[in-house]
Amino acid sequence: MQTGMYTETERCVRAVQSKDARFDGWFFTAVLTTRIYCRPSCPVVPPKPENMTFYPSAAACQQAGFRACKRCRPDTSPGSPEWNRRADLVARAMRLIADGVVDREGVPGLAARLGYSTRQVERQLLAELGAGPLALARAQRAQTARILIETTALPMADIAFAAGFSAIRTFNDTVREVFALAPGELRTRATRRSAPDTPSAPDTPGFLSLRLPFRAPLNPDNLFGHLAATAVPGVEEWRDGAYRRTLRLPYGHGVVALTPRPDHIACRLMLSDLRDLTVAISRCRRLLDLDADPVAIDDQLRTDPLLAPLVDKAPGRRVPRTVDEAEFAVRAVLGQQVSTAAARTHAARLVTAHGEPVDDPEGGLTHLFPTPEALAAVDPATLAMPRTRRTTFATLVNQLVDGSLQLGVEHDWSETRARLLALPGFGPWTVDVIAMRGLGDPDAFLPTDLGIRRAAQELGLPSTPAALTARAAAWRPWRAYAVQYLWATDSHPINFLPV
C-alpha cells in the first residue's frame, strides 16, 4: 500500500472484489453506472471491473459528480495513513485541513501557514488528491454536518453554521449532492435504523456520541495504558473504562471521553462551541494514532526475528500521541530524569496554579492545561526542580510565546528537531520523545531510553545506543512503533489497560 495506489487499477479491483477493509481510506471506488462512490470494503455486490474507476479522496469523487454510498458510508472510513507518515507539503496541508484551518482562515491562511503560495498548494493537492483545498474542506464539512444531523436534535440552521457552512442554502445543497438526501431525510433515516456503524444518540444533554473508526488490528493496552498512567490530574483521568481529558480548541474548550471497543473507539464529546467538532475529532484521532496502517507496520517489524515474537503476541500497537504539541513539549521537560509519578506531580501543580478552570458534569476534570503565555509568567524559582531544568522550562515557554519555536502539525519535522536540539537542556531523548508523541514522526527512536536499553538486553539486541540505532535501521520508517513493542516487555503500568 502506498501513495498513488488508486492508479493501480488491477490492484484496486482485487481489493474491491475481496472487500478488503485494510484499503479503506487509501482509495475510493466510483461506479460509473450508478454514479455512487464506495469504500473498498462496501458490503454490496462488487460492480463489474469495467464500471469501476478509482479516486484518491472522497473530495475527488464528489468533485467528479459521484455521491456517497448509503450502505458503506465511505466518508466515515479511516483517514489515509499517508498524512501521518509524511512531512512533505501535501501531508502537512492535509493535517491542517483536518484541523479546520481552511474553514477558519481560508486557502490563503492555509498557504501562509505552510510557507508556500496559494497556487503552489492548490497545484500539489490537485495533482496528488484530485481535489483542491476548498473541495477537501467541503467534503470534511459534509461529514461533520452528517454527524450533527444524526447524533443531535439541533436545528438544521445551527448545524449548518457549526459544520462550517456560510449559508443555509449551501448546507442544504451540499448535503443533497453528497448524500443524495435532504438534511431532514438524513436525520429521519438515521433514527429508523440501528446499523452497526451508526453513531448512537447522546444520553446526556450537551454531549455528542460518535464512533471513531480504525484499521484493525488495534491493541489498546499500551495506547490507553500510557495515557492513563501519565495522566495529569485535573486535565486527564481514567474513569469507567474511558480515557477522559479536557481540550483547548479554536472557538472554546471541550471534554472528551474515549473508550476502546473491538471495532471502533467510542467518543463522547462536550463542546462549548459546536464549530470545534471537526477539530476535536481530528485531534482525538491523532491522539490515538487511529489512521495508522498496522498491517504494513507490523509486517515490516516482523522482518527482524527478535521483534517478530513481540509483534505476533500483541499486534496492532499504536503510538500514544497528543492533542496539543506545546503542552506535550512542556510535559516532556517536566519529565526529564524523574519518575512518571513525579512528572505528573509537577504538571498538576502548574495546572492548579495556571490552568483555566472548566466544568465537567460527568467526571473529575477541572482545568485546561496552561497555555505557553500563562506558563511564561511563572517564576522559575518557584518550580521544584534543578536550576538547569528551570532554565530549560523557561526557554521553551518563552520561545513558544514569541514564535521562534513552533510545534504545529504544519511544520517540517527535521527543521523542528533542529530547533529543539538548539535549546538548552534538550538532548536527543527529549527531542525524540517530542518528535514521536508530539510531532507524530513515525520513525522517531529512543536508543538512550532506559526502558529500551533494558528491553534490548533482554531480547539479545545490541544494548549500546550506537549499535542499537544501527540495528534499528531495518525497522525504518516505523521505529516509533518498534519503541512501543520494546517498552511492552516491561511491567510498567503504561503497558496495561487500566481496570
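Data for the structure
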{"read-out": "Cysteines not pairable in the chain (beta carbon separation under 4.7 Å absent)", "value": "C12, C61, C267, C284"}
{"read-out": "Inter-part distance where region 34-83 and region 205-260 are each reduced to a Cα centre, Å", "value": "30 Å"}
{"read-out": "Estimated Rh, region 81-132: Kirkwood, alpha-carbon pairs, angstrom", "value": "10.8 Å"}
{"read-out": "Debye-sum result for region 185-318 in log10 I(q)/I(0), which assumes one identical scatterer on each alpha carbon, at q = 0.14 Å⁻¹", "value": "-0.73"}
{"read-out": "In region 98-139, the trypsin sites (Lys or Arg not before Pro) that fall in loop regions by DSSP, at most 13 other Cβ within 10 Å", "value": "none"}
{"read-out": "Y251, Y6 arranged by Cβ crowding within 10 Å, fewest neighbours leading", "value": "Y251, Y6"}
{"read-out": "Angle between the chain longest axis and helix 325-334 axis [Cα atoms, degrees, rounded to 10]", "value": "20 degrees"}
{"read-out": "Residues D291, D379 arranged by fewest to most Cβ contacts within 10 Å", "value": "D379, D291"}
{"read-out": "Region 396-468, dipole about Cα centre (Lys/Arg Cβ +1, Asp/Glu Cβ -1), debye to the nearest 20", "value": "260 debye"}
{"read-out": "W487, W26, W429 arranged by Cβ crowding within 10 Å, fewest neighbours leading", "value": "W429, W487, W26"}
{"read-out": "Distance between region 424-477 and region 118-152 - C-alpha centres, whole angstrom", "value": "36 Å"}
{"read-out": "Percent breakdown of C-alpha pair distances by 5 Å bin, ordered from the shortest bin, for region 212-495", "value": "1, 5, 12, 17, 19, 18, 14, 9, 4, 1, 0"}
{"read-out": "Distance between region 346-414 and region 288-337 - C-alpha centres, whole angstrom", "value": "25 Å"}
{"read-out": "Shape parameters for region 5-76, alpha-carbon atoms, Rg then Dmax in Å", "value": "10.3, 27"}
{"read-out": "Dipole axis of region 83-192 (+1 Lys, Arg; -1 Asp, Glu on Cβ), positive-most option in A111, A153, A93", "value": "A93"}
{"read-out": "Candidate lysines for bridging to K19, where Cα separation is under 17 Å - those fewer than 8 sequence places away on the same chain excluded", "value": "K48, K70"}
{"read-out": "In order through region 12-28: 3J(HN,Hα) via Karplus (6.51 cos²θ - 1.76 cosθ + 1.60), integer Hz, x for Gly, Pro", "value": "5, 4, 4, 5, 5, 5, 8, 6, 7, 5, 4, 8, 4, x, 6, 7, 10"}
{"read-out": "Bins of 5 Å from zero: percent of alpha-carbon pairs in region 339-395", "value": "4, 17, 24, 25, 15, 8, 4, 1, 0"}
{"read-out": "Mean ellipticity per residue at 222 nm, deg cm²/dmol - from DSSP H runs of n ≥ 4 across the chain, formula -39500 (n - 2.57)", "value": "-13500 deg cm²/dmol"}
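Bear in mind these aren't lab numbers, they're just calculated from the coordinates by the rules spelled out. Please read these numbers as outputs of a predicted model, since none were measured by experiment. Note that we place each Cβ from the backbone using ideal geometry, even for glycine, and neighbour counts take in every protein chain shown.
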